[in-house]
Amino acid sequence: MMLRLSLPLILLSHSAYSMLLGWVESPGYPSGYLPHSSLNWSRCAPKGHTLSIRLIHLDLEDSHECENDAVKVYSNGNLISVLCGKREFEELQSTVNPLLLSSPGGCLSLHFYSDFSNTKRHTGFRGFYTVQDFDECEDDPENGCTQFCHNFIGGYHCSCRHGYYLDADKHTCTVSCSKDLSGLTRGDISSPSWPGSYAENANCEYTLSVAPNLQLELHFSGVFDLEQGHDGQCIDALRVETRTGTLGPFCGNTAPPSPLLTYSHNVKIRFTTDGYGTNKGFFFHFKTTDKLCPPVVTLHSTLAPEKSEYRQGQTVTVTCDQGYVVNIQGVQTLSTEYVTTCQVTGEWAPDNACELVDCGVPEIPEDDILYLVGTDTPHTKYGDQIQFNCSSKYYTLEGDDTYSCSASGEWVSGSGQSQIPKCTPVCGMHEKDISSIGRILGGQDANLGEIPWHLLIKEPSRGGASLINDRWAITAAHVVENLGDMQLVLYGGLVNAQTRDRFSDVVVLNSEKIIIHPGFSKETPLRGRIDFDNDIALIRFTSRVNLGPNLLPICLPEANRALVTNEQGTVSGWGKTETKRDPGKLQGASRMLKYAHIAVKSLDQCRDTPTIEGNQHVRFTDNMFCAGADGKDSCQKDSGGPFVTPYLSAGGPYYLAGIVSWGPPCEERKYKGYYTKVANYIDWIKETIDSEGNS
Ligand code: ARG
């Protein structure tokens with residue numbers, strides 16, 4: 001009995017703050033535990049304390065890895081010890097007990113169990129548990145005290161050497177070095193203890209403030225020595241803060257330029273140090289001078305006249321660098337310079353910024369044919385480049401493809417163009433070549449795509465027209481006269497006039513406007529039409545035509561291009577044809593588009609004007625030419641259709657030389673048709689199209 005009581009006292013005598021809390025032992029101790037017995041025990045340490053278990057007796061059945069009977073101890077749920085068998089008290093004391101320790105404020109748990117069989121009786125285990133203070137100063141290297149650490153039961157606190165005080169974080173010792181020197185126009189400032197080593201963990205703030213027309217200047221002298229890292233970064237640093245910015249950080253062994261002009265009458269000097277080092281610090285004298293204006297008004301500009309500083313009242317011209325323009329109150333202007341004055345406050349007024357020219361995204365027509373290569377949201381600043389392209393192979397880019405944002409804020413191409421390029425339809429080409437030579441009167445059936453500019457008019461009377469770009473067609477005036485307000489419907493992309501547009505690729509084109517040449521005379525009501533001078537009209541469609549392999553425009557000839565006698569060309573149309581068996585008899589309108597190669601006739605041949613229906617004579621004017629070939633001619637209902645040169649299959653581009661206009665009745669088999677000379681109307685066509693809002 002005596003021995004059992006004295007043991008804890010021996011065990012406890014090591015630690016003065018240890019407190020015995022209680023005992024833990026196996027069921028049935030010390031007589032022995034039964035099979036299938038178990039014990040679960042758990043306790044936690046209060047804050048700033050640790051909990052430990054001291055075993056004084058251990059006698060369990062021994063087994064491999066203690067798989068039969070065992071005591072397992074956990075710290076915060078982690079297994080820290082597994083015990084079985086028999087251990088002597090000394091062994092427990094030296095190797096087992098030191099491990100049975102919780103973390104500060106942590107928990108220990110103990111789990112004992114026995115299995116079903118025991119060959120021999122075992123007495124079990126007994127131990128006691130204690131709490132003791134955790135010594136943060138000794139045992140926790142991360143306690144955070146920068147100078148002194150003091151442990152007490154349940155916690156610790158930090159304290160500082162003479163001359164330092166404990167910062168608000170309760171751990172860091174700093175020096176009190178901040179000073180408000182407002183109002184002083186001269187004086188000295190140095191690091192604490194200069195020229196001795198300065199204190200660690202310092203954060204000194206010296207406030208200087210003088211009259212607004214004065215500026216503070218700092219004259220450094222003596223030792224300058226602030227800790228600097230190997231990478232040149234400041235570890236300890238001196239900074240001079242003004243309203244407009246910070247000078248520094250300064251460190252190393254080279255003092256800042258002296259005098260250091262601050263251009264400011266309110267200055268904060270900030271000195272910060274880390275927790276280590278024995279550097280000596282800094283010293284400077286401060287005084288005031290008249291405020292001067294700095295040699296920079298705003299970035300990206302130069303000043304004229306150029307000086308290193310400017311007196312109050314002095315005026316300078318600010319010129320923005322190439323590619324920069326003046327921004328006034330957030331708005332970019334077109335000007336590149338302005339005049340500004342040095343104020344008594346040492347500031348420039350005005351001090352508008354020079355900013356990089358922004359050309360903006362160029363305006364591109366909504367039809368999506370012209371597009372910007374690569375992006376819809378290009379970079380649009382000075383020097384940036386954009387590139388244009390046409391989205392369809394039936395268009396070519398007219399002009400340059402690459403433009404740069406110029407200093408004047410405009411997009412300018414390599415050749416100096418500032419107008420963005422246009423996509424113009426490719427004209428006078430067909431993807432399919434004419435396969436054979438043929439006969440209209442004496443004509444040949446055209447294949448789809450061979451004459452892709454030829455448009456068909458069915459109502460009110462059959463005629464032809466030619467597509468000249470993606471918005472306009474051209475025809476004979478007499479085909480569209482007397483239409484009134486009627487909208488004209490034209491068909492493109494077809495050769496068989498009976499093709500039902502709903503079931504094919506036939507393109508239906510609706511007229512928005514029909515413009516008859518102003519020189520085309522009114523029909524004489526009684527005698528019918530006998531004057532075909534200026535037989536030409538333009539048709540504008542309600543919308544842009546989708547060009548494709550079977551629908552492409554014909555080129556216009558050069559203005560006033562002369563036609564040469566015997567020049568070959570091709571006329572096409574859905575007009576009347578001769579019957580095969582009896583060439584003298586005419587069939588109605590042709591179902592298929594036909595074409596024939598015919599030649600321009602001499603003026604003499606043309607002047608010998610035939611009579612037309614009703615034995616009328618028609619004027620032959622300089623705005624016409626006539627053409628035909630043996631057995632080949634245009635005919636009624638071909639009017640308005642194209643006569644192109646060179647003849648098809650000669651190779652494009654093909655030009656619209658003439659428009660089918662008039663001629664003797666085909667039955668007479670004169671094989672001489674009269675055509676409007678398109679080259680005489682190029683200016684009228686271009687002006688008309690342009691005045692209607694381009695293509
Ligand atoms: N005026 C006719 C028409 O409206 C064209 C006649 C052409 N005659 C000729 N023999 N080429 O269709």
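Volume per residue of the convex hull around the Cα atoms, evaluated for the stretch 254-299, comes out as 139 Å³. Convert each backbone phi in the stretch 551-567 into a coupling constant with the Karplus relation 6.51 cos²θ - 1.76 cosθ + 1.60 (shift: θ = phi - 60°), then list the ³J(HN,Hα) values in order as whole Hz, x for Gly and Pro. Working through the residues one at a time gives 9, 9, x, 9, 7, 8, x, 4, 4, 6, 4, 7, 8, 9, 4, 6, 4 Hz.
Residues of the stretch 358-372 with amide nitrogen under 14 Å from the 7 Å Cα-to-Cβ point of GLN387? Label zone hits: 371-372.
Taking the 1.4 Å solvent-accessible surface of the chain as the whole, the part contributed by carbon and sulfur is 49%. Rounded to the nearest whole Hz, the Karplus-based 3J(HN,Hα) values (6.51 cos²θ - 1.76 cosθ + 1.60, θ = phi - 60°) of the stretch 381-393 follow the sequence 8, 3, x, 5, 10, 10, 10, 9, 8, 9, 7, 10, 6, with x at glycine and proline. Here the gap between HIS111 and ASP188, fully extended at 0.36 nm per residue and compared with their Cα-Cα distance, gives a gain of 20.6 nm.
Provide the FRET efficiency to the nearest 0.05 for the ASP376-SER543 pair, computing r from the beta carbons and using R0 = 25 Å.
0.60
The ASN76 and THR278 beta-carbon pair, evaluated with R₀ = 51 Å, returns a calculated FRET efficiency of approximately 0.75.
By the Stokes-Einstein formula, at 0.890 mPa s and 25 °C, the stretch 104-173 with its Kirkwood radius over alpha-carbon pairs has D equal to 151 µm²/s.
Taken along its three principal axes, the alpha carbon spread of the stretch 581-695 comes to 49, 32, 26 Å, from the longest extent down to the shortest.
Here are some pairs, LYS393/LYS522; LYS632/LYS677; LYS513/LYS677; LYS601/LYS686; which of them have Cα atoms lying more than 31 Å apart in this structure?
Details: LYS393/LYS522 42 Å; LYS632/LYS677 20 Å; LYS513/LYS677 23 Å; LYS601/LYS686 28 Å.
Violating the 31 Å limit, Cα to Cα: LYS393/LYS522.
Taken as Cα centroids, the stretch 201-224 and the stretch 143-167 sit 33 Å apart, rounded to the nearest whole angstrom.
Sparsely packed loop sites in the stretch 120-209 (the chymotrypsin sites (Phe, Trp or Tyr not before Pro) outside DSSP H, G, I, E and B with at most 11 other Cβ atoms within 10 Å) do not occur. For the stretch 299-359, the set of GluC sites (Glu not before Pro) satisfying both a DSSP loop assignment and a count of at most 11 other C-beta atoms within 10 Å is given as GLU306. The reciprocal of the average 1/r between distinct C-alpha atoms defines the Kirkwood hydrodynamic radius, which for the stretch 360-418 equals 11.9 Å.
Less than 18 Å from a label point 7 Å out along the Cα-to-Cβ axis of LEU99: which backbone N atoms in the stretch 113-134 qualify, by residue? Counting only backbone N, you get 113, 125-128. For the stretch 41-167, the share of alpha carbon pairs falling in successive 5 Å distance bins from zero is 2, 10, 17, 17, 15, 11, 8, 7, 5, 4, 2, 2, 1, 0, 0 percent. Shape analysis of the stretch 629-682 places it in the oblate category; the axes a ≥ b ≥ c from the Cα gyration tensor give an a/c of at least 1.5, with a/b not above b/c. Residue separation of LYS307 and SER159 scaled by 0.36 nm, minus their Cα-Cα distance, works out to 47.8 nm of gained length. Full extension of the chain between MET19 and GLN332 yields a length gain of 104.7 nm, computed as 0.36 nm times the residue separation minus the alpha carbon distance. In sequence order, the stretch 587-597 has phi-based couplings of 8, x, 6, 7, 6, 9, 5, 10, 9, 8, 8 Hz under the Karplus curve 6.51 cos²θ - 1.76 cosθ + 1.60, θ = phi - 60°, and Gly or Pro positions carry x.
Under 17 Å of direct C-alpha separation, and excluding same-chain neighbours fewer than eight residues apart, LYS381 reaches these aspartates and glutamates: ASP321, GLU355, ASP358, GLU363, GLU410.
Applying a DSSP loop filter and a limit of 14 other Cβ atoms within 10 Å to the GluC sites (Glu not before Pro) in the stretch 77-165 leaves GLU88, GLU142. Once the Kirkwood radius over Cα pairs is known for the stretch 592-650, the Stokes-Einstein relation at 4 °C and 1.567 mPa s delivers a diffusion coefficient of 98 µm²/s. With each pseudo-label sitting 7 Å past Cα toward Cβ, what's the GLU398-SER691 distance in nm, one decimal? For the pair GLU398/SER691, the computed spacing is 1.9 nm. Shape analysis of the stretch 224-344 yields a ratio of the Cα radius of gyration to the Kirkwood radius, Rg/Rh, of 1.09. Accessible area per residue for the chain is 50 Å², calculated with a 1.4 Å probe on protein heavy atoms, without ligands, DNA or RNA. Normalised by residue count, the stretch 294-372 yields a Cα convex hull volume of 89 Å³ per residue. Translational diffusion of the stretch 287-419 was estimated from the Stokes-Einstein equation, with Rh taken as the Kirkwood radius over Cα pairs; at 4 °C and 1.567 mPa s the coefficient is 75 µm²/s. In this structure, MET486 and ASP367 have a Cβ-Cβ separation that, at R0 = 35 Å, corresponds to a calculated FRET efficiency of about 0.80. Around the Cα centre of the chain, unit charges on the Cβ atoms of Lys, Arg, Asp and Glu (plus for the first two, minus for the last two) sum to a dipole of about 2120 debye.
Summarising the label geometry, the points placed 7 Å from Cα in the beta-carbon direction at GLN616 and ASP231 lie 9.7 nm from one another.
Would you mind classifying the stretch 517-673 by shape? Square roots of the alpha carbon gyration tensor eigenvalues, ordered a ≥ b ≥ c; an a/c under 1.5 is rounded, otherwise it is prolate if a/b is larger than b/c and oblate if not. Verdict is rounded for the stretch 517-673. Summarised in one figure, the compactness ratio Rg/Rh of the chain, Cα atoms and Kirkwood Rh, is 1.42. Placing a label point 7 Å from the Cα of ASN203 along the Cα-to-Cβ direction, the residues of the stretch 150-171 whose backbone N falls under 16 Å from that point are 165-171.
The values are calculated or read from the model by the stated rules, or taken from the named source; none is laboratory data. Keep in mind that what you see is a predicted model, and the values were worked out from it rather than measured. With ideal geometry, Cβ positions are generated from the backbone for all residues, glycine too; neighbour counts draw on all protein chains shown. With ligands, DNA and RNA removed, areas are computed over all heavy atoms of the protein, side chains included. Shrake-Rupley method; radii C 1.70, N 1.55, O 1.52, S 1.80 Å.
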